Amino acid sequence: MRQVILGRLYTHLKESYSISLSEEFLTQDQVSLHQIDAMLAFKSDPQLDELRAALERLEDGSYGFCLGCKEKIDDELMDADPTLRFCERCESVYSHVVLKYEGSSVPV
């Protein structure tokens, strides 16, 4: 899964920032999170943040588990979007809460 996430990171960097790295360099297993952080420094981009967070979860062993209920997220869902943080049920609850308060002055 790490190579899938790194592949998506490579594609996003190439398309959004015209970064000229070789795909082989970025997707090889020897690239550390520290090296990735150095490449992403000073780039404020939600998609890059999500991909970086997915790599961190992969490193700490929490990848593929819901941050809400701690249950395993369906493999098909993770294959479709390797940056998922919540299972379908918790995502629904989270989205509902965010949407409910989005227009109000109540901090989320």
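The values are calculated or read from the model by the stated rules, or taken from the named source; none is laboratory data. All of these numbers come straight from a predicted model, not from anything done at the bench. Methodologically, a virtual Cβ is constructed for each residue, glycine included, from the backbone with ideal geometry; neighbour enumeration extends over all protein chains shown.
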- From the set of residues in region 25-60 that are basic (Lys, Arg) and at pLDDT 80 or above, which is nearest to the chain's Cα centre (by Cα)? Arg52
- Task: Could you grab me the full set of residues in region 13-24 that are modelled with pLDDT of 75 or more and exposed (fewer than 12 other Cβ atoms within 10 Å of the Cβ)?
- Result: Glu15, Ser18, Ser22, Glu24
- Please find, within region 25-79, the residue that is farthest from Cys90 (Cα to Cα) out of those that are hydroxyl-bearing (Ser, Thr, Tyr) and surrounded by 12 or more Cβ atoms within 10 Å (Cβ to Cβ). Thr27
